[in-house]
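Step one of this worksheet: look at the structure below.
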């Protein structure tokens with residue numbers, strides 16, 4: 001059974017700057033943007049299409065609620081890989 005990558009999730013420190021980077025540098029298109037409090041985790045999410053690959057940019061709005069807090073507390077600039085998600089078929 002062949003698996004396919006559904007989307008890539010990336011934790012970012014600044015959602016606005018990340019959207020601009022993905023649009024201007026990587027040629028991405030913003031598909032959707034929303035706030036989420038799924039499972040008690042407050043975050044802003046932008047869904048980008050980059051040459052047919054869906055990328056989910058996630059920025060926490062309340063670090064205290066995030067189970068991925070160590071990712072967001074990183075002192076370095078840039079972003080870190082958050083997750084890869086594949087199809088079930």
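To keep it simple, each residue is scored yes or no on (1) part of a strand (DSSP E or B); (2) surrounded by 11 or more Cβ atoms within 10 Å (Cβ to Cβ); (3) in contact with a strand residue (DSSP E or B) (Cβ under 9 Å, 6 or more places away or on another chain); (4) at pLDDT 80 or above.
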| site | (1), (2), (3), (4) |
| --- | --- |
| 6 | yes, yes, yes, no |
| 17 | no, yes, no, yes |
| 22 | no, yes, yes, yes |
| 31 | yes, yes, yes, yes |
| 39 | no, no, no, no |
| 58 | yes, yes, yes, yes |
| 64 | no, no, no, no |
| 81 | yes, no, yes, no |
All but one of (1) surrounded by 10 or more Cβ atoms within 10 Å (Cβ to Cβ); (2) touching a residue at least 60 places away in the same chain (Cβ under 8 Å); (3) in a loop (DSSP other than H, G, I, E, B) hold for residue 26; which doesn't?
-> (2)
Taking the stated definitions as given, is residue 89 in a strand (DSSP E or B) and at pLDDT below 55?
-> no
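The values are calculated or read from the model by the stated rules, or taken from the named source; none is laboratory data. As the structure is a prediction and not an experimental result, all values here were calculated from the model. Cβ sites come from the backbone with ideal geometry, for glycine too, and all protein chains shown count toward neighbours.
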